[in-house]
Amino acid sequence: MNWPLEDCWYRQTINPGEELSSQPLSDNQQSGVVIVGAGFAGLATAMGLVERGYQDIMVLESETVGYGASGRNGGFIMAGYSLPETRLIRQLGEVAARNLYQLTMAAQNKIKQRIREYEIDCELVDAGIVLADWFKHEPALLKQQSLMNSRLGANWEYLSADQLKDYVVSSRYGGGLLEPDGAHFHPLKYLYGLANRLIAAGVRIHQHCRVEAIRKTSTSWDVQVAGGQNVISEQVVICAGGYIKGLQIAAAKAVLPIATYVMTTEPLDGQLDEYLPGRAAIYDTRFAFDYYRPTINNCLLWGGRIAIRKPPAERIIELLKRDLKRVFPEFSDVSVAAAWGGLMGYTRPQMPSINQSRPGLWHALGFGGHGVCATTVAGEALAAALTGEHRRYRLFESFGLPNAYGWLGMLAAQNYYWWRQLRDGLRM
């Protein structure tokens, strides 16, 4: 599915002065580390290497920086993974699950630190993230808070129905849980800020350089780029996500490219402060939840749903406005500024695959719609492994890289989503 980034509100709101000034790849070159993919995971790995004093780095991007899910997402800086916390604990045990979850909490701080240190103007709103109770079932909410705080080391705060109104005003919800360390931002501006900082540090970022093959030589890796160029590298890191296609067979077979939809309204000015007074980002307790947040120019960014096909923008608007009206009927006639979709990379374990498939060939894939912080975890883990600092990436080894079965897996994922959506509807 071709989803032009130009359709995305994030791309439309990049100012001319924020454009990326990368150079085209010319002639055959060498590099200590080649990173394939210039999204969150790829640039986090490059930044992790630079911050550790390593500079012989090249980033190859088949489209443009942030073209994939990294530049299209909801912009939630939230801890956790796609796999629900209860299942994470059940699969790994409490200690290992807590360690993995804590890595994403550390990533929240790392992202905010980089925004401050590198003076990245990415519209950061450090106002928390709220999980709103769709089913108005307080015992379930308190159980979730207890699990997060006592077993995973989070610091989520309980919000009564009255307290929730300090963050979101809608009769749709009961109470809620506040993740105070959560935040939201303009993800594409963040990526451009990282990329420009990396270029200033000597990292070579080449856009419109599609990697066609990665072959092992006797002493290194031969990265073959469309157009006939080759890059010889000691280490290669694949961070291609839902857009990996046939780049590396085992990795490509393990990732399901699942689509999701987002839209932004025209500026709502005073109305937005009335209904989202806390300026926090919001999602709800359903499996098939809505997620939304106020932008700094008073637009409402609204996302949700998953699919395996690409509908026209008019259909995305129709679906998402239907969801919006269930929460805020007052916005039934709101004007939409932009609507778009994109591909998320899901794995069967619903956890990222961060590993070394062969000596010198690494990958970070399958963040499944929870990638803003988890990709930073991946970048830190890979940068540390590549520089010999530690091998924390092995915390993810048990999830492996199982075959996701292509279109059969995608159909199964779509049917599972519809089934859970039906269950949510029956609980109302």
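The values are calculated or read from the model by the stated rules, or taken from the named source; none is laboratory data. Keep in mind that this is a model prediction, so the values were computed, not measured. As a convention, Cβ positions derive from the backbone with ideal geometry for all residues, glycine included, and neighbour counts pool all protein chains shown.
Brief remarks on what is shown
- Residue in the range 295-303 that is out of contact with any Gly (no Cβ under 6 Å at 6 or more places or on another chain) and small (Gly, Ala, Ser) present: no
- Unique residue being touching a Ser or Thr at 6+ places or on another chain (Cβ under 8 Å) and either assigned to a loop (DSSP other than H, G, I, E, B) or in contact (Cβ under 8 Å) with a residue 24 or more places away in the chain (or both) when the list is VAL237, VAL262: VAL237
- When the range 263-287 is filtered for residues that are touching a Lys or Arg at 6+ places or on another chain (Cβ under 6 Å) and modelled with pLDDT of 95 or more, only ALA281 remains.
- Complete set of residues in the range 359-375 that are surrounded by fewer than 24 Cβ atoms within 10 Å (Cβ to Cβ), at pLDDT 90 or above and over 15 Å from GLN108 (Cβ atoms): PRO359, GLY360, LEU361
- Search result, residues across the range 342-362 that are in contact with a Phe, Trp or Tyr (Cβ under 8 Å, 6 or more places away or on another chain), assigned to a strand (DSSP E or B) and polar (S, T, N, Q): SER353, ASN355, GLN356
- Condition met for GLY80 (in contact with an Asp or Glu (Cβ under 8 Å, 6 or more places away or on another chain), touching a residue at least 24 places away in the same chain (Cβ under 8 Å) and either of a type outside the set (A, V, I, L, M) or part of a loop (DSSP other than H, G, I, E, B) (or both)): no
- Selected residue [closer than 21 Å to PHE399 by Cβ and of a type in the set (D, E, K, R)] from ARG72, ARG52, ARG98: ARG98
- Candidate set from the range 123-150 (those that are at positive phi and touching a residue at least 60 places away in the same chain (Cβ under 8 Å)); member that is surrounded by the most Cβ atoms within 10 Å (Cβ to Cβ): GLY128
- Index of the failed condition, GLU63 passing every other in (1) farther than 27 Å from GLN235 by Cα; (2) assigned to a loop (DSSP other than H, G, I, E, B): (1)
- Only residues that are at pLDDT 95 or above and either in contact with a Ser or Thr (Cβ under 8 Å, 6 or more places away or on another chain) or closer than 18 Å to HIS208 by Cα (or both) were counted across the range 10-29, and they come to 0.
- Breaking point among (1) modelled with pLDDT of 90 or more; (2) touching a Leu at 6+ places or on another chain (Cβ under 8 Å), for ALA404: (1)
- All of LEU188, LEU268, LEU247 fail the test of being surrounded by 23 or more Cβ atoms within 10 Å (Cβ to Cβ) and aliphatic (A, V, I, L, M), apart from LEU188.
- Within the range 92-122, tally of residues that are over 25 Å from ARG293 (Cβ atoms) and in contact (Cβ under 8 Å) with a residue 12 or more places away in the chain: 7
- Those strands (runs of 3 or more DSSP E) of the range 166-227 in which at least 2 residues are basic (Lys, Arg), considering only elements entirely within it, cover 211-216.
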